[in-house]
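A short write-up of the structure that comes next.
Derivation of every value follows stated rules applied to the coordinates shown; laboratory data play no part. The structure presented is a predicted model; accordingly, all values stated were derived computationally and were not measured. No Cβ is skipped: glycine too gets one built from the backbone with ideal geometry, and neighbour counts run over all protein chains shown.
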């Protein structure tokens with residue numbers, strides 16, 4: 001099965017690309033895929049506890065099961081704005 005994985009902001013910097021297609025086994029959870037991505041890209045590790053996870057543009061829990069053709073996104077916390 002294939003899942004399109006998208007990395008935002010610091011996650012993109014950690015991986016070195018904006019998106020990639022990942023082969024997964026049937027029954028793979030969002031958490032398991034994230035763990036596999038961290039093995040391949042250790043710079044993601046510090047962000048693990050603070051990222052938001054999304055499947056098909058909806059926030060999901062780590063135990064969500066991925067399906068062929070899903071779009072999985074890893075979104076770090078955003079900060080922004082300042083007092084003007």
ask   = Taking neighbour counts of Cβ atoms within 10 Å as a proxy for exposure, in what order, fewest first, do 24, 38 appear?
value = 38, 24
task = Could you give me the percent of Cα pairs per 10 Å distance bin for segment 2-75, shortest bin first, beginning at zero and ending with the bin that holds the maximum distance?
result = 21, 62, 17
ask   = Quick one: if you stick a label point 7 Å off each Cα along the C-beta vector at residue 1 and residue 68, how many nm between them?
value = 1.0
note = The helix 30-40 Cα axis meets the longest alpha-carbon principal axis of the chain at an angle in degrees, between 0 and 90 and rounded to 10, of 80
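Most exposed first by the Cβ proxy, i.e. fewest other Cβ within 10 Å, how do 8, 72 rank? Each step should come with its number before you reach the end.
On the way: 8 17, 72 24.
The order, fewest Cβ neighbours first, is 8, 72.
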task = Give me the number: length gained by fully extending residue 21 to residue 50, i.e. 0.36 nm times residue separation minus the C-alpha to C-alpha distance, one decimal in nm.
result = 8.1 nm
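Just want to confirm a number: the relative contact order over segment 2-75, from Cα pairs under 8 angstrom separated by 6+ residues, in percent. Provide the component values of the computation, followed by the final result.
Numbers: 124 pairs, mean separation 33.0, N = 74.
Value for segment 2-75: 45 percent.
Mind sorting 37, 66 by how few other Cβ atoms lie within 10 Å of their own Cβ, fewest first? Walk me through the numbers on the way to the answer.
Values: 37 21, 66 25.
Exposure proxy ranking, most exposed first: 37, 66.
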